[in-house]
Amino acid sequence: MINTKIAKTLMTGMLSSVLACGSAIAADTMTGKAESTADSADSKINSSMKKVRGYMDDSGVTAKVKAALVDDEAIKSTDISVETHSGVVTLNGFVTCQDQAEKAVLVAGKVEGVKSVSDKLHVKDSTKQTMKGYAGDTAITSEIKAKLLVDDIVPSRNVKVETTNGVVQLSGTVKMQAQSERTESIAKAIDGVKSVKNDLVVKS
């Protein structure tokens with residue numbers, strides 16, 4: 001009888017220990033899951049905060065660039081739009097001459113927080129442009145297209161060529177950077193070309 005009581009007592013003690021261990025393991029598991037969830041939430045919050053800060057920084061840079069363009073009397077900024085992404089400023093719109101485009105890029109590049117400037121500005125066609133000038137631009141465009149057509153490297157079908165007052169603008173898509181550079185090189189070599197604005201997009 002005494003042995004039976006002792007056995008029951010031992011069994012009760014063992015069951016209590018097992019239950020206690022089980023509770024401890026369950027608590028540890030729940031704690032681990034909670035910590036993992038908290039870490040995941042912190043990571044998402046940090047990522048979101050970084051995106052917000054980046055957006056705010058870009059917005060601040062855009063505002064500063066616009067202000068700088070307005071302050072410069074040599075630039076007609078009303079036709080220029082400014083966009084910023086990760087510190088890279090893109091200027092879009094129209095200017096009256098190539099000098100204004102170059103000036104706008106220079107002014108934007110000096111603004112604090114600007115890493116680089118992408119020039120997407122276009123020179124407006126002047127109403128006072130002479131027929132001689134127009135004929136010259138047409139001849140330049142035609143000659144460049146002819147050169148590109150016979151070139152083995154450049155995919156001429158995907159390249160658009162426009163010339164205004166001797167300034168050549170290249171647009172379209174190519175598969176390699178070498179093709180973009182080759183196209184620009186061909187355009188620059190044409191007689192009468194003042195400068196080349198290469199807006200070709202490389203898509204592999």
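The values are calculated or read from the model by the stated rules, or taken from the named source; none is laboratory data. Since we're looking at a predicted model, the values are computed, not measured. Glycine also receives a Cβ, built like all others from the backbone with ideal geometry; neighbour counts cover every protein chain displayed. Accessible surface is based on the protein model in full, side chains and every heavy atom, while ligands, DNA and RNA are left aside. Shrake-Rupley method; radii C 1.70, N 1.55, O 1.52, S 1.80 Å.
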Within region 196-204, can one find any residue that is out of contact with any helix residue (DSSP H, G or I) (no Cβ under 8 Å at 6 or more places or on another chain), assigned to a loop (DSSP other than H, G, I, E, B) and among the small types (Gly, Ala, Ser)? yes
When you check residue 112 against the structure, is it open to solvent by 50 Å² or more (accessible area, probe 1.4 Å) and either in a loop (DSSP other than H, G, I, E, B) or under 30 Å from residue 64 (Cβ atoms) (or both), yes or no? yes
Filtered residues of region 153-181 (kept if modelled with pLDDT of 90 or more and in a loop (DSSP other than H, G, I, E, B)): 153, 154, 155, 175, 176
Out of all the residues in region 182-195, which are open to solvent by 30 Å² or more (accessible area, probe 1.4 Å) and part of a helix (DSSP H, G or I)? 182, 184, 185, 188
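Taking into account only those residues within region 61-80 that are in contact with a strand residue (DSSP E or B) (Cβ under 7 Å, 6 or more places away or on another chain) and open to solvent by less than 50 Å² (accessible area, probe 1.4 Å), which is farthest from residue 108 (Cα to Cα)?
Residue satisfying both the conditions and the ranking: 80.
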Within region 133-180, residues basic (Lys, Arg) and free of Cβ contacts under 8 Å to residues at least 24 places away in the same chain come out as 145, 157, 160
